[in-house]
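Notes for the one structure printed next.
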Amino acid sequence: MRSRKGVAALVAGLGLSLGLAGCGSGGGADQTTTLTYWASNQAASQEQDKQILQPELDKFRQRTGITVEVEVIPWSDLLNRILAATSSGEGPDVVNIGNTWSASLQATGAFTAFDDATLAKVGGRDRFLASSLASTGAVGQPPASVPVYGLSYGLFYNKKLFAEAGITAPPSTWDELVTVATALTKPDQQRWGLGILGSSYTENAHFAYLLGRQHGAELFDGDTPRFDSPQMVAAVRQYVDLLATHEVVNPSNAEYLNDVQILSDFAAGKTAMVMIQNNAVANLRTIGMPEADYGVVPIPMTDPLPAGGKRVNSHVAGVNLGVFANSDNPGGAMTFVEFLTSPEEQKILNHAFGTLPVVPDAYTDPAFQTPTIETFRSVLADTAEPLPMIPQEAQFETLIGAALKDLLARAASGQPVDDATIHDKLATANEQMKSAG
Amino acid sequence: MAESGWARWIRRAVITALAVFTLVPLYVMVSSSVKPLRDVQGPFTAVPSTITLQPFVDMWRTVPLARYFVNSAVIALGAMVCSMVIAILAAYAVSRFRFRGRGTFLTSALATQMFPGILFLLPLFLIFVNLDRGFGLELFGSRVGMVITYLTFALPFSIWLLAGYFDAIPRELDEAALVDGTGPLGALFRVLLPAALPGVAAVAVYSFMTAWTEVLFASVLTTSETRTLAVGLRAYATQSNVYWNQVMAASLVVSVPVLLGFLLLQRALVQGLTAGAVKS
Amino acid sequence: MSTAADVGPRPARRRWSARALPYLILAPALVAELAVHIVPMLVGVFMSTLRLNQFSIRDWVNAPFVGLDNYVSVATLDSSVAAGLLRSFGVTVLFSVLAVLGEFLLGLAAAVALHRPFRGRAVLRTLFLVPFALPMFSSVITWMFMLQRDTGLVNTVLVDWLGLTDERPFWLVGQNSFVSLVVVAVWRTWPFAFLTITAGLQSIPTELYEAANVDGAGPWRRLFSITLPMLRPVNTVLLLVLFLWSFNDFNTPYLLFGQAAPAEAGLISLHIYQSSFVTWNFGLGSAMSVLMLLFLLVVTVGYLAVVNRRRDNG
């Protein structure tokens, strides 16, 4: 251990080699009346995020006397900034995290555990939607974060295109989805039945997961990955076939990376349906598609489900709040978390960001009683499952997502994708997951 | 120096081809920056059907562009000036002196360029934080910290390149100055440097651009107050939307001052050692 | 051994200061490199011997020491991880060679073509520098925009205007993504080669060309027997710079393809980023970096040895 300390001393002692004289560490501001908050980018721009949050932070200061300094951090930097904060102990008090990171960040020990006593300070276990609270850390351990914004998947369909094609009801099973999509696909008119984000590894991983669960796949047996099970092969096949066999997806979607790409196709009537999370509602508003022009239903499932299949058509998506364990103001941080998850703030913030409240009480607000939101709420509450709450979750998403991206690219360029190809890809991902764990 | 006919045509063809290669993406940027977002997202059209200057207005609101620009300008200019001074001195030592450890220095300077930046990002961050704790030096999240980081990014190659340019200048030139009784530093600044001005200009551009476009370190070592353009521009592309037209508009606007700077440097770039300058 | 200097004759009492001078003027560079590069690099090498992941990152100084385990898992050839890395290594080498060639040749061609004064030369010189002046994000995202299959300029020109193929090719996924990567890298970086060579050309005395002209040397002879030999010190460094940049290039593929680059264009730096910053396996990421450093060190030392021998012979 002595040599280890040597390295630390070397690192700390660099000031000498820089030839700069030290002058003692500076004192911070009053530690009980300020908080630093890293917010994730939820609105159309970081500036807009700030404008939405600031009035609420002012309200918080009036009530508690605590000033919250907020920094909005883009998703592309957020994990790196958290990493830097974790390794140095120099970070914010409260931070937004992607809820799928929960178990991974929990493993660092850098976040305050929400045991029952701590949970009680932020409104208690019953305040939160049970499914959202399930995506806050490893099973059997106290949560390392609490939910703040909820998201879930749904199927958006263009009402006008449906009416033109004489389709009266949105699809309610996967087979119907394929039939409807086939009927709406007119490649010569540049129109396709369904849009997917083939290059987004997160999106791919989500669909592999939820379709896998419908086929009864268990992705992990304890710590051991089981990506190459026959059930997973069938699930991936089901997804890739949309493009490869049924040809209801524009092959170009294989290179789509950003929500706006499928959404602008959808708004322009070039794609009749898209499977996407509920924040797309706000996005479609920006693009200029009125809410009356589309409907939303839960993503249809195979009926009947294969043996052992689970009724899962979304993962529990969303954003959580974590409190850094070495916060100078843990009490204030908890008060702030309580504030952000209170029904009142949940209504305001989720309405502004186009996300779903994670506390049931907030749904009493008329703004959340539209059919669209009701659809997403019921998916999130009833048929959503958290992604595997394991420390290597990021690894899982990356590997599976990249494997699907590759398969979709192949299918799009006309190469055959059969079960053997899929199995090979998944087996490689499985191998990589094992050796990395 | 007469130029034969075919040589002239080859030269013209090369220039035309390179100009087209350079211009096409630039044209895409310019034309996209004046299209409404909806048009940009649609199929590519060479001539915009609607021309709007709205992106040039909106871009200031979507992202605090002015602040990022100032940060970048201060950091990149600071890094450039510091690294040029240090590199000119070091390159002089390397080019005109034979001393023990010279080879080691040159090789290790190069070696630093071989280690992927990704990897010393975390150690550097830890050093910054520890310096803050131990000595109260605010390097993390400060412009000074970024200047120090970037000046060293540019140093190794600046030294190597400058040494290369110095090497190409006949020794008789500065030796004559030394014989005349000028000190070594005088010989460097009064004789060698003016002769190597084109090289110095090229290296200055290089060290400025290193700091101007670096993304990875800036994304971790800056806060929203000190964020640089290279990182800040990414804010036009969020998880769910890409403001193509505003990105392009912003990129063009922030590049204009840089190009003006390049234009000024033009003169230095083509000056320098002309025939007959060697007084020997 | 240490010969004080070939700084020319000088009084004996100034010898000490003459001997110290190179070290004195080298000191700032040395200190800066030590602080921001060498020490972090050593820390990085140290990290490669640790099991450094989300469990140990918080108290990373005390992370479990695993010796060479990380290197073993990189180098175990029958594992699929190593197979993926090996492929990525091959892609990176090929990419670097092609990118350097393209950048150098375009830069040389432009510098030589613009050497002779003519009207509009300053404008062209500035134009050629524009790609280098644009923020990296802007230029890569513009190319990404141009390379989109349905709406990009490249396919519009190739398919709709010229009718070269019926099927619209993909440029951002699949095999062509490698071509895209090389083109984008060349577009962004060749101005640097142009700039460097242009500056180098200025120090070639015009007498040399005039003498060659009298001898009746054509443009090719002038290029190969005067321009290139005179540019040698600059070119030696330039080629090395370009190679190391390309080999370490992270931003171009990352911005062009997103986090999951196609295997055809998956440079090694993306793998290092992936293991370090996405999956937080810093020990493994560091081990890969150290191996990469060793490889580049061998290449560089070999390259410099060959170049210097040829110079000594010539």
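Throughout, read-outs are computed from the coordinates displayed, never taken from laboratory work. Small disclaimer: the values here were computed from a predicted structure and weren't measured. Don't worry about glycine lacking a Cβ; one is built from the backbone with ideal geometry, like all the others, and counts go over all protein chains shown.
Classify the range C:159-314 as rounded, prolate or oblate from the Cα gyration tensor: take a ≥ b ≥ c as the square roots of its eigenvalues, call it rounded if a/c is under 1.5, otherwise prolate when a/b beats b/c and oblate if not. Spell out each step's value before the answer.
Working: a/c = 3.30, a/b = 1.51, b/c = 2.19.
Oblate shape, in that a/c is at least 1.5 and b/c is the bigger or equal ratio.
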Next on the checklist: Quick check on the exposure proxy: order A:SER172, B:SER158, C:SER56 from fewest to most C-beta atoms within 10 angstrom.
Outcome noted: A:SER172, C:SER56, B:SER158
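Take every residue in peptide B:152-164, count the Cβ atoms of other chains within 10 Å of its Cβ, and give the average of those counts.
Working: counts 9, 2, 0, 7, 5, 7, 1, 4, 7, 8, 1, 3, 11.
Partner-chain Cβ atoms within 10 Å, mean over residues of B:152-164: 5.
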Checklist entry - Using +1 on the beta carbon of Lys and Arg, -1 on that of Asp and Glu, and nothing else charged, what's the dipole of chain C about the Cα centre, debye to 20? => result 1320 debye
Checklist entry - Amide H of A:SER145: which non-local residues (sequence gap of 5 or more, or other chain) have their own amide H closer than 5 Å, using H built in the peptide plane? => result A:PHE114
Checklist entry - To the nearest 20 debye, what charge dipole does chain B have about its Cα centre, counting +1 at the Cβ of each Lys and Arg and -1 at the Cβ of each Asp and Glu? => result 220 debye
Checklist outcome for this item: Projected onto their principal axes, the Cα atoms of the range A:358-407 stretch, largest extent first, over whole-Å spans of 43, 25, 16
Checklist outcome for this item: Listed by chain and number, the residues whose amide H is under 5 Å from that of A:THR302, excluding neighbours fewer than 5 places away on the same chain and using placed H, are A:TRP174
Checklist entry - Is the shape of chain A rounded, prolate or oblate, going by the alpha carbon gyration tensor and its root eigenvalues a ≥ b ≥ c, with a/c under 1.5 for rounded and a/b larger than b/c for prolate? => result prolate
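How large is the dipole of the protein assembly as shown about the Cα centre if only Lys and Arg carry +1 and Asp and Glu carry -1, each at its Cβ, rounded to the nearest 20 debye?
Numbers: 68 positive and 74 negative charges, 871 e Å.
I would put it at about 4180 debye.
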Checklist entry - GNM, chain C, Cα, under 10 Å: largest mean-square fluctuation among C:VAL237, C:VAL183, C:VAL157? => result C:VAL157
Checklist entry - Tell me, what ³J(HN,Hα) does each residue in the range C:191-206 have, in order and in whole Hz, if you take phi through Karplus 6.51 cos²θ - 1.76 cosθ + 1.60 with θ = phi - 60° and put x for Gly and Pro? => result x, 5, 4, 4, 4, 5, 6, 4, 4, x, 4, 5, 8, 8, x, 5
Checklist outcome for this item: Inter-chain shielding metric for B:20-29, i.e. average beta-carbon neighbours from other chains within 10 angstrom, reads 6
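Defining a contact as two alpha carbons under 8 Å apart and six or more residues distant in sequence, what relative contact order in percent does the range C:80-280 show? Kindly include the intermediate steps, with their values, before the conclusion.
Values: 189 pairs, mean separation 71.0, N = 201.
After rounding, I find 35 percent.
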Checklist entry - From the residues A:LEU133, B:TYR150, B:PRO116, which one has its Cα farthest along the dipole of the protein assembly as shown in the positive direction, the dipole being from +1 and -1 charges on Cβ of Lys/Arg and Asp/Glu about the Cα centre? => result B:TYR150
Checklist entry - Whose amide H sits under 5 Å from the amide H of C:ASN281, counting only residues 5 or more places off or on another chain, with H placed in the peptide plane? => result C:SER276
Next on the checklist: List the lysines whose Cα sits under 27 Å from the Cα of A:LYS59, skipping any in the same chain fewer than 8 residues away.
Outcome noted: A:LYS50, A:LYS121, A:LYS347
Next on the checklist: Nearest 10 degrees is fine. How inclined is helix A:230-244 to the longest principal axis of chain A, computing both from alpha carbons?
Outcome noted: 70 degrees
Checklist outcome for this item: The simple spin-label model distance between C:TRP161 and C:ALA20, using points 7 Å out along Cα→Cβ, in nm, is 6.7 nm
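Once the Cα gyration tensor of chain C is found, what semi-axes does its equivalent ellipsoid get, as square roots of 5 times the eigenvalues, in whole Å, sorted largest first?
Values: eigenvalues 295, 241, 58 Å².
They are 38, 35, 17 Å, listed from largest to smallest.
Given R₀ = 22 Å, what would the calculated FRET efficiency be for A:HIS246 paired with A:ALA169, taking r from the Cβ atoms and rounding to 0.05?
Numbers: r = 20 Å, r/R0 = 0.90.
It comes to 0.65.
Please rank B:SER219, A:SER264, fewest neighbouring Cβ atoms within 10 Å first, as an exposure proxy. Don't skip to the answer; put the middle values down first.
Details: B:SER219 21, A:SER264 25.
Listing B:SER219, A:SER264 from fewest to most nearby Cβ atoms yields B:SER219, A:SER264.
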Next on the checklist: Give me the inter-chain shielding for B:261-268: mean count of other chain Cβ atoms within 10 Å, whole number please.
Outcome noted: 3
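Under 8 Å for C-alpha pairs, at least 6 residues apart: give me the relative contact order for the range B:62-270, rounded to a whole percent. Walk me through the intermediate numbers first.
Values: 201 pairs, mean separation 69.7, N = 209.
After rounding, I find 33 percent.
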Checklist outcome for this item: Both in Å, the radius of gyration and Dmax of the C-alpha trace of the protein assembly as shown are 30.1, 102
Next on the checklist: Could you tell me how far the Cα centroid of the range A:380-424 sits from the Cα centroid of the range C:86-141, in Å?
Outcome noted: 38 Å
Item to check | ³J(HN,Hα), Karplus 6.51/-1.76/1.60, whole Hz, each residue of the range C:120-125, x for Gly, Pro | outcome: x, 5, 4, 5, 5, 4
Next on the checklist: Need the list of lysines near A:LYS160 for cross-linking: C-alpha distance under 26 angstrom, and skip anything on the same chain fewer than eight residues off.
Outcome noted: A:LYS186, A:LYS270
Item to check | Selection from A:MET273, B:ALA46, B:TRP9, by position along the positive dipole direction of the protein assembly as shown (Cβ) | outcome: B:TRP9
Next on the checklist: Can you find, among A:ALA384, A:PRO170, A:GLY401, the residue sitting farthest towards the positive end of the charge dipole of the protein assembly as shown, where Lys and Arg contribute +1 and Asp and Glu -1 at Cβ?
Outcome noted: A:GLY401
Checklist entry - So for chain A: antiparallel DSSP bridges make up what percent, rounded to the nearest 5? => result 60 percent
Next on the checklist: Just to check I understand the Karplus step: with θ = phi - 60° and J = 6.51 cos²θ - 1.76 cosθ + 1.60, what whole-Hz values come out for the range A:358-365, glycine and proline as x?
Outcome noted: 9, 10, x, 4, 6, 6, 5, 5
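Work out how much length C:LEU228 to C:TYR303 would gain on full extension: take 0.36 nm times their residue separation and subtract the Cα-Cα distance, in nm to one decimal.
Numbers: separation 75, 0.36 × 75 = 27.00 nm, distance 1.75 nm.
Length difference between fully extended and current span is 25.2 nm.
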Checklist outcome for this item: Taking C:TRP245, C:TRP187 and counting other beta carbon atoms within 10 angstrom, the fewest-first order is C:TRP245, C:TRP187
